[in-house]
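Right, one structure below, let's go through it.
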Amino acid sequence: MPAAVFVDICVSCRLRKKVRRRQVNNRLMCEKCWIRDFYSATCIGCGDYKPIAKHEEDGPICHNCRLILYVKPEVCTQCGHTRRVNARTQDGGAVCGSCYRADVRFNKDRNKAVCTTCLRFKEVAMRDVLDRPYCPACRIRYHRVIHCVRCKRDKPFGKHTQEGDICGVCYGREYRRRKQADNH
């Protein structure tokens, strides 16, 4: 279960930021300091002290070395080139970085996309106010439905306000209105 996110002072860097991790003796740390202090080690590939992607049999390895040494290229199901896998289709087929970016940018039917939360290439169940796609499982898991106090409909949660919870559509309208007012 993920730790709660709130703004506080990080005990490591002493900056006021979003703090999401709890450490021994109830100390609060930001994500960057947590990774630096608890998920970093000397990489067996390059010898640098970096955040670790995985602990292999030989020892800890950083993200770049893991890609070079352990991730084997596969044949992309979209273009047929042999490249590193950037995403997977719903049936498990490999999608290279070029096809992944092209699909995200130019997917015309918009029925399938890479889910914002789980990063899997799946059917799109919903898009949020910023047009980010979510698969059916992540929509249920992360986007609870509330009764909006503004439009009086049951819709996915957008924001807590003084008057109550508002849906993503009403929050989007409020956000655009505020942004236009700031520009003028």
G59 being at pLDDT 85 or above, at positive phi and surrounded by 12 or more Cβ atoms within 10 Å (Cβ to Cβ): yes
Filtered residues of the stretch 59-87 (kept if in a helix (DSSP H, G or I) and within 24 Å of the chain's Cα centre (by Cα)): H63, N64, C65, R66, L67, I68
Residue ID - farthest from G93 (Cα to Cα), chosen from residues in the stretch 114-130 that are buried (at least 21 other Cβ atoms within 10 Å of the Cβ) and out of contact with any Cys (no Cβ under 6 Å at 6 or more places or on another chain): V114
Extreme residue, surrounded by the most Cβ atoms within 10 Å (Cβ to Cβ), among residues of the stretch 10-56 that are in a loop (DSSP other than H, G, I, E, B) and at pLDDT 85 or above: C43
Conditions (1) at pLDDT 85 or above; (2) touching an Asp or Glu at 6+ places or on another chain (Cβ under 9 Å); (3) over 23 Å from R36 (Cβ atoms): number failed by A87: (1)
Failed condition for G80, given (1) in contact with a strand residue (DSSP E or B) (Cβ under 6 Å, 6 or more places away or on another chain); (2) small (G, A, S); (3) within 30 Å of V95 (Cβ to Cβ): (1)
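The values are calculated or read from the model by the stated rules, or taken from the named source; none is laboratory data. What you see is a predicted model; the values in this text were computed from it and never measured. Reconstructed Cβ throughout: ideal geometry from the backbone, glycine too, with neighbour counts over all protein chains shown.
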